[in-house]
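Notes follow once the structure below has been shown.
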Amino acid sequence: MAKLCLFYKQSYISLKSLSGKRSTAEVKQLPTDDKEITSVTDIADTLAETFTEISSTFHYSETFQLHKARAERQTLKFKFNNTDELLDSVSKSSDTAVDPDDIHYQMLKHLPSEVLHSLLNTLNNIWLTGNFPASWRQSYIVPIPKPDKDTMNPTNYRPIALSSCVCKVMERMINNRLVCYLERNKLITPTQSGFRKGRSTTDQLYYVYKLLLERVLFKNNSRHIDATTARRPHC
């Protein structure tokens, strides 16, 4: 009986993960310049316009936009040689709701080896030819209200994009390659802790603490602490 209950529990968890996380908040109305909108379509359009404005590249500085344009013209010549990278990327994927293609992470985690090799060849072909699937450019956008914020303000929603699971697997594989290259060649400043393995905001606080402590003890404003030696001990 206990095994049967455990089976039902695991089945329920799996089915719940397949359906994905949904927002319990319902946006019923939003104010605009001259009126309040209540139509679902108008609300969706207003939120979409707000998210587009916030995420626009027009907010970047001119210097960064020029650097971005030059960097994106460079060709990254590499390919995924075996299924180990693919399996590692899939195994690190959390079960989330699927996008319009209805391919779930659980499906990818249970693919036979022959299909994994076919998928790897397909990803390499996409990478080398630049033929990006049109469906990967589409996603479901779920607006999540920010905690303790006015839900009548469209800027107080955080967009969550439910995009292709296969696309996100490939993104993770590429990101792993790029991060490995940047770390190996020491191209990331030692003072950066965000989005780095084994780093956190605690490292930054520890660095500032040591910096202030040195200023007090040595009373020498010209003295500088090397960020690589100022990291907090990981123990």
Step through the residues of region 146-151 one at a time and calculate ³J(HN,Hα) from phi using the Karplus curve (6.51 cos²θ - 1.76 cosθ + 1.60, θ = phi - 60°), rounding each to whole Hz and writing x for Gly and Pro. 6, x, 6, 10, 5, 6
Set the Förster radius R0 to 25 Å, insert the Cβ-Cβ distance between SER135 and LYS197 as r into 1/(1 + (r/R0)^6), and round the FRET efficiency to 0.05. 0.20
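All of the numbers you see were taken from the coordinates with simple rules; none came from a lab. For clarity, every value in this text was computed on a predicted model and none was experimentally measured. Glycine gets a Cβ as well: all are built from the backbone with ideal geometry, and neighbour counts include every protein chain shown.
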